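Input: a single structure, listed below in structure tokens.
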Amino acid sequence: MLGANYHRSRANEDQFTYTGGTSHILLGSPFLSTILKNHQDIDTRAIFGSLDVPLGNAFTLQGSARYTTEQRDFVGCIRDSGDGTLATTFGTLATILAGAPRTLLPGECVTLDENFESVMVHKTLDEDNVSWRGTLNYEPGDDRLFYVSVSKGYKAGNFSTIPGLTPEQFDPLRQESILAYEAGLKLTLVDRTLQLNSALFYYDYRDKQLLGSIQNPIFGTLPGSVAIPKSEVRGWEADLTWQPTDGLRLTAAVNWVDSEIQSDPPLPIDPYGTLTTFVGERFPYTPEWQATTDGEYEFTVGTMRWSLGAGLNYRSDSYSNFGENAMFLLDERVLVDVRAGLVGPAGNWRVQLYGRNVTDEHYFTQTSRLTDTVVSYTGMPRTYGIQFWYRH
């Protein structure tokens, strides 16, 4: 197989931030809001190919490769939202730094060049890479597959949405790369009523892009993307689907991930701006264990077909930022969902009552620090509802 593709996209992001909930005052003047402008034009070109080679009756060797080139053109700045408070504050700051009068207008960029004049930043990121994959499959029968694979992949570099006060602060993150090793199996058992999939994997990352903290001379410590020079992940996953009868379906899945930072970025700071080391820490928002189970039973009463179901979702604890500060710990949680419904005779429609998080577990999905304020976002509480599906 041989192919090529071209992709062009435009992403215009203008992120409004209200700072009235903080104690930010600069040069005696409070500023109430900001807009972070991040507009990107992205051109991606690629050629790719793959080849499958049978080795006897049971083995197949597979190989594929892809050459990709990408260009990102960035236009952005931090600018006044239109209320004039940020423009007034930074106009005063620019006047002091330049030693001469500087006036910034409402809605104008407050990012300053070397002459302390308002500037709209223009930058370009031009990268290319060769990704590839090699796999050896062993199929001793139609219902069994064993495989080993090694692959090299990339994630594109990018321009982060940050409050850059100088053009240099808008320099992009480099593309990240991963060298991945995997071994696994896919088995269909018990007269094709049981499906088992499992895999072991090891990931070797370079310049992995993760959410951390960045330092800003005016706004203090802010959430931002950081590039980790070297990190790795070891893991195992398995999922099981069992359908012992036509009406009963049971599923279960488990995932173990041991992530580890092995070297620090240039400025490793925690959410409070304290210089630290990330070495030995797990990735943010990466729990060591995750597991799900689900069951559904469909049965007929008279002329009507009914369904009952329930599911359980578990995540172990993880941190939402580097530094392993207890304020940013997302505790482990177990969520239980239930459902009951009526199924159409042809299976093309369904009415269902559901209850999500029926134990009313209280948990956080995210905790972050913006300037002098720590904010935690809670998951959905106990929720009930009704849904209707129709397929045609």
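The values are calculated or read from the model by the stated rules, or taken from the named source; none is laboratory data. This one's a predicted model, so the numbers in the text were calculated from it and none came from an experiment. Here the Cβ positions follow ideal geometry from the backbone for every residue, glycine too, while neighbour counts run over all protein chains shown. Remember, those area values only see protein heavy atoms, side chains included, never the ligands or the DNA or RNA. Shrake-Rupley method; radii C 1.70, N 1.55, O 1.52, S 1.80 Å.
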- prompt: Pick from 367, 359: which is modelled with pLDDT of 95 or more and of a type outside the set (D, E, K, R)?
  reply: 359
- request: Sort out which residues of the range 53-69 are surrounded by 13 or more Cβ atoms within 10 Å (Cβ to Cβ) and touching a Leu at 6+ places or on another chain (Cβ under 8 Å), and write them in order of number.
  value: 59, 60, 61, 62, 63, 64
message: Tally up the residues in the range 316-334 that are over 22 Å from residue 276 (Cβ atoms) and touching a residue at least 40 places away in the same chain (Cβ under 8 Å), please.
response: 2
- prompt: residue 121 is checked against (1) on the phi < 0 side of the Ramachandran plot; (2) without any contact (Cβ under 8 Å) to a residue 12 or more places away in the chain and fails just one. What number does that condition carry?
  reply: (2)
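Quick grid of which residues meet (1) farther than 26 Å from residue 373 by Cα; (2) in contact with an Asp or Glu (Cβ under 6 Å, 6 or more places away or on another chain); (3) open to solvent by less than 30 Å² (accessible area, probe 1.4 Å):
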position	(1), (2), (3)
214	no, no, no
221	no, no, yes
230	yes, no, no
244	yes, no, no
- line: Over the range 273-288, the set of residues surrounded by 14 or more Cβ atoms within 10 Å (Cβ to Cβ) and not β-branched (Val, Ile, Thr) is 273, 278, 281, 282, 283, 284, 285, 287, 288
statement: Scanning the range 38-52 for residues that are open to solvent by 30 Å² or more (accessible area, probe 1.4 Å) and under 27 Å from the mean Cα position of the chain (by Cα), the one farthest from residue 76 (Cα to Cα) turns out to be 48
message: Return the pair list, or none, for Cβ contacts closer than 8 Å from residues in the range 288-310 that are hydrophobic (A, V, I, L, M, F, W, C) and at pLDDT 90 or above to residues that are open to solvent by less than 70 Å² (accessible area, probe 1.4 Å) and not in a strand (DSSP E or B), at least 6 apart or on different chains.
response: 289/316; 299/247
- request: Hey, can you tell me all the residues within the range 107-119 that are surrounded by 15 or more Cβ atoms within 10 Å (Cβ to Cβ) and closer than 15 Å to residue 80 by Cα?
  value: 108, 109, 110, 111, 112, 118, 119
message: Just to verify a result, which residue in the range 76-95, among those that are β-branched (Val, Ile, Thr) and open to solvent by 40 Å² or more (accessible area, probe 1.4 Å), is modelled with the highest pLDDT?
response: 95
- request: Consider residue 72 carefully, then state whether it is within 30 Å of the chain's Cα centre (by Cα), closer than 30 Å to residue 152 by Cβ and at pLDDT 90 or above.
  value: yes
task: Could you grab me the full set of residues in the range 150-206 that are closer than 30 Å to residue 244 by Cα and small (Gly, Ala, Ser)?
output: 183, 184, 198, 199
task: Answer yes if at least one residue in the range 124-135 is crowded, with 18+ Cβ neighbours inside 10 Å, aromatic (Phe, Trp, Tyr) and over 20 Å from residue 14 (Cβ atoms), and no otherwise.
output: no
task: Go over the candidates 35, 25 one by one and state the one that is among the hydrophobic types (A, V, I, L, M, F, W, C), at pLDDT below 95, farther than 20 Å from residue 153 by Cβ and within 28 Å of the chain's Cα centre (by Cα).
output: 35
message: Taking the condition of being buried (at least 16 other Cβ atoms within 10 Å of the Cβ) and hydrophobic (A, V, I, L, M, F, W, C), how many residues in the range 292-317 meet it?
response: 1
message: Name the single residue that is farthest from residue 155 (Cα to Cα) among those in the range 171-214 being acidic (Asp, Glu) and over 17 Å from the mean Cα position of the chain (by Cα).
response: 191
query: Got at least one residue in the range 318-339 being open to solvent by 70 Å² or more (accessible area, probe 1.4 Å) and part of a strand (DSSP E or B)?
result: no
